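S.K.: What follows is a structure written as structure tokens; I'll ask about it next.
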Amino acid sequence: MQHGKYGFITGFLAAPLGLYALFVIWPFIQSIYYSFTDWTGLSPEFSMVGVDNYTRMLHDDIFWKSLTHSLLFALLLPLVTLGMALFFAFMINVGGRHRKGGPVVTGVRGSGFYKIVYFFPQVLSIAIVALLFAFAYNPDSGAINSFLRGIGLDSLQPLWLGDPSLALWCVMAVLVWSTTGFFVVLFSAGMASIPAELYEAALLDGAGRATTFFRVTLPLLWDTVQSGWVYMGILALGAESFAVVQIMTTGPGGPDYSTTVLVLYVYQKAFRDGQAAYATTIGVALLVVTLAFAAIVMRLGRRERLEY
């Protein structure tokens, strides 16, 4: 059984590792290289400029605004999204009242229907979601302000995406709405694998819903929560935030750069302004932020593994 083991393993790993190196690692190396040049992205000619792009980035006010917004996304979106998803998943799987003749541990009535409702936003493309909410946020004919007028709140007609103090929060609300359902289903699957005997023992000891959640469910689900936190943070720093900001906001990224995030700023510098080298410099900064975020979450979330 041991004969030729390493050759067999190497043969299976060679192709996927080669593809990963070609399409993931090599573009990263190229980006770092181009960040030290003055490449426009429109010409094959460029020259080395040393750390000029990094110096420019450190003195770029829009970069710091974008970084602040991206960090807000990375910190707040996972907290709100995963918190809501854990609550909904707990109620669907464990939070119901005991019914005579039924199991001791059960979810609320209609839990199967709620799973479908929560997961529904995942069926829609993020571009469609962004367009729908862009219409809903319209201050003149949007559904939200129309509803406020319908209930007699004519004096309360925010500009929503046109207000620099509200625009970023409006975008974050859309991301929460569109991603919570995925984690509800993910956490529901994790909770379904927890033996019902543990919940029954907690109930016999007089534990309430809150105690059961924090003392039984969350510790046993912690690895899933940690992975979800990293995944949600990467979504908040990457494609999801770019798509929503690009489609929904004025500019995009406005008003007055109030919704610009790093990934959008990279796109604008590369494809709008023809400054590909500077865009790759910002991209390197985004890479560092993403890796640092994942490392911090994995480090702070490290706990002794519980088995059942």
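The values are calculated or read from the model by the stated rules, or taken from the named source; none is laboratory data. The shown structure was predicted, so the numbers you read here are calculated from the model rather than taken from an experiment. Using ideal geometry, Cβ is built from the backbone for each residue, glycine included, and neighbour counts are taken over all protein chains shown. Only protein heavy atoms, including side chains, enter the accessible area calculation; ligands, DNA and RNA are left aside. Shrake-Rupley method; radii C 1.70, N 1.55, O 1.52, S 1.80 Å.
S.K.: I'd like to verify something in the chain: which complete DSSP H helices, judged by Cα projection on the helix axis, reach 24 Å or more and average at least -1.0 on the Kyte-Doolittle scale?
M.R.: Once both thresholds are applied, what remains is 61-93, 167-192, 276-300.
S.K.: In addition: Using the heavy atoms of the protein chains alone and a 1.4 angstrom probe, what is the accessible area of the range 54-299 per residue in square angstrom?
M.R.: Values: 12050 Å² over 246 residues.
Per-residue value: 49 Å².
S.K.: Take the alpha-carbon centre of the range 192-223, take the same for the range 42-81, and report the distance between them in whole Å.
M.R.: Centre-to-centre distance over Cα atoms comes out at 43 Å.
S.K.: Show that you can apply the helix-only estimate: for the chain, add -39,500 (n - 2.57) for every DSSP H stretch of four or more residues, divide by all residues, and state [θ] at 222 nm to the nearest 500. Could the numbers behind the result be given before it?
M.R.: Details: 14 runs with 193 residues, N = 308.
It comes out at -20000 deg cm²/dmol, rounded to the nearest 500.
S.K.: Given N residues in the range 228-290, what is its alpha carbon radius of gyration divided by 2.2 N^0.38 Å?
M.R.: 1.11
S.K.: Please tell me the relative contact order of the range 201-308 in percent, rounded to the nearest whole number, where contacts are Cα pairs under 8 Å and at least six residues apart.
M.R.: Details: 66 pairs, mean separation 27.7, N = 108.
Contact order relative to length: 26 percent.
S.K.: May I ask for the longest run of the chain untouched by GluC sites (Glu not before Pro) that are loop-located per DSSP and have at most 14 neighbouring C-beta atoms (other than their own) within 10 Å?
M.R.: Values: sites that count: 45, 304, 307.
Free of exposed loop sites, the longest segment is 46-303.
S.K.: Here's another thing I want to ask about it. Pairs of Cα atoms under 8 Å, at least six residues apart: use those to get the relative contact order of the chain, whole percent. Before the final figure, lay out each step's value.
M.R.: Details: 374 pairs, mean separation 84.6, N = 308.
Answer for the chain is 27 percent.
S.K.: Kirkwood hydrodynamic radius of the range 186-295 from all distinct Cα pairs, in Å?
M.R.: Working: mean 1/r = 0.0586 Å⁻¹.
Radius from the Kirkwood sum: 17.1 Å.
S.K.: On the protein heavy atoms, probe 1.4 angstrom, tell me the percent of accessible surface of the chain carried by carbon and sulfur. Please report the intermediate quantities before stating the final value.
M.R.: Details: 11940 of 17540 Å².
Carbon with sulfur: 68 percent of the solvent-accessible area.
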